[in-house]
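Data block below; observations after.
Coordinate-derived values only; no laboratory data. The structure presented is a predicted model; accordingly, all values stated were derived computationally and were not measured. Backbone-built Cβ (ideal geometry, glycine too); neighbour counts: all protein chains shown.
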Amino acid sequence: MIANEEEEKSRALAQFGRGIARAFGGSLLFTAPLFMTMEMWYLGFYMDRWRLALLLTLLIPLLIGLSYKAGFKEDFNFLESILDAFAAFAIAFFSSSFLLWIFGVINFDMSMDEMLGMTALQTVPASIGALLGRTQLGEKKIEIEKGKTESKYFWELFIMGVGALFLALNLSPTEEMILISYMTNEYQAIGLIFISLIIMHSFVYKIEFKGQEAVPEGIGIFSMFLRYTVAGYALVIIISIFILWIFGRMDGMSLRNIIVSAVVLSFPGSLGAAAARLIL
Amino acid sequence: MGKSKKRSDTKGNKKIPAIEWITAAIGLGIVLFFIIFLLFEAKESADKPPDIKIKVIKIIRGGAYYNILINVSNIGQQTAEGVIVEGNLLNGEKVIESSETMFDYIPGQSKKEGGLMFRNDPEKYLLVVKALGFEKP
């Protein structure tokens with residue numbers, strides 16, 4: 001009897017350890033593209049502190065929502081999702097600071113403000129990676145099935161939002177993103193909108209990717225297009241504008257440039273949203 | 001993933017909650033707004049070249065320099081690249097000190113902030129600030 005308990009404990013501990021390792025790996029994977037970007041480091045220390053704080057504050061409910069959907073026990077509850085989210089955040093914080101330090105991006109000549117700013121910014125994608133690392137690299141797939149049908153719709157949108165957010169985070173700090181918006185004229189921007197919508201829709205419903213959604217019987221294609229693709233794309237746009245604003249890319253811009261930048265950023269964002277629906 | 005397990009009993013009409021249609025409508029509204037706005041802008045802005053305006057905001061005494069904070073606006077439509085702004089401190093006809101700064105790009109209908117640094121106190125002299133030139137991106 002006692003031997004079994006001991007076994008149970010060590011097995012549980014081992015599983016916990018594996019979970020942490022997967023989370024660590026996931027966070028490194030998600031942070032890698034951003035991490036080697038100079039603008040990302042600079043943003044870490046010149047970015048407006050209030051906006052950085054806002055970003056981090058909004059990250060927490062995002063993580064809780066993701067963790068709620070990716071829970072790895074059948075009977076998990078909300079409290080566990082909260083703990084999960086904070087654990088992912090902590091793991092991400094450590095993996096980010098470790099990476100930044102080992103590559104010499106952070107060193108002890110810097111002020112605490114600089115170091116913390118750069119690490120905090122990296123923690124945003126890293127924590128998403130830490131959470132997803134456990135589902136994709138291991139334990140359980142995200143179950144949208146859980147919950148009522150009404151909430152299923154909004155969870156789909158949420159997943160799209162996470163995908164879009166991830167791509168927006170990766171691309172918006174770069175100089176090139178802003179330059180592209182200056183070089184793009186209005187007709188090209190309109191074209192981008194249509195292409196984004198078409199790609200989003202076909203990725204998820206038409207081209208036979210693995211993990212693709214089957215359109216439920218009796219529901220018209222127009223209905224799906226409006227409710228999922230169009231609504232999803234609008235969400236991508238909102239997220240793009242939000243990220244551009246948070247990184248101060250929008251300050252002093254005219255409305256025309258804000259809209260064109262949002263459309264330009266929403267193109268990869270919509271790819272991210274579509275991919276998230278397929279993968280997660 | 002996401003195969004719907006709930007099959008409707010009759011031929012088709014699984015009831016779609018109103019909230020989804022409302023969300024779809026909001027989404028459609030946003031997308032249409034963007035398209036219409038862009039069409040409108042396209043017609044409005046026949047290519048208007050950059051038009052630079054400079055405004056001196058304030059003069060700050062720094063440690064080793066005097067900082068003149070400026071706002072540089074581009075009231076044209078096109079983006080101006082490599083905008084060089086020069087400031088001169090004049091005593092009558094004579095140039096006491098000259099400084100310049102460059103803005104990588106100033107998009108149309110936007111403004112950027114910058115600064116010119118002088119060793120001499122700008123309050124004592126006549127300060128003339130002007131843009132020297134730009135290039136098309």
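Is there a simple number for the mean count of other chain Cβ atoms within 10 Å of the Cβ of residues in A:228-238, and what is it?
5
Taking the Cα centre of chain A as origin, sum charge times position over the Cβ atoms of Lys and Arg (+1) and Asp and Glu (-1), and report the length of that vector in debye to the nearest 20.
Roughly 440 debye, rounded to the nearest 20.
I'd like the mean, over residues of B:30-43, of how many other protein chain beta carbons sit within 10 Å of each residue's own Cβ.
That works out to 6 on average.
What are the DSSP H helices in chain A that stretch 20 Å or more along their long axis, judged by alpha-carbon atoms, and whose average Kyte-Doolittle hydropathy comes to at least 1.6?
Once both thresholds are applied, what remains is A:78-102, A:231-246.
Per-residue Cβ counts within 10 Å, from other chains only, averaged over A:178-185: what number is that?
Whole-number average of other-chain Cβ neighbours for A:178-185 is 3.
Can you tell me the orientation of helix B:18-44 relative to chain B, as the angle in degrees between its alpha-carbon axis and the longest Cα principal axis, to the nearest 10?
40
Taking H as built 1.01 Å from N, whose amide H comes closer than 5 Å to the amide H of B:Gly115, not counting residues under 5 places away?
Those lying under 5 Å, H to H, from B:Gly115 are B:Ile70.
Beta carbons within 10 angstrom, averaged per residue: use that to sort the peptides B:107-120, A:47-60, highest first.
B:107-120, A:47-60
Hey, what did chain A get for relative contact order, percent, Cα under 8 Å, at least 6 apart?
26
If you count, for each residue, the other Cβ atoms within 10 Å and average over each peptide, how do A:241-249, A:256-264, B:26-34 line up from highest to lowest?
A:256-264, A:241-249, B:26-34
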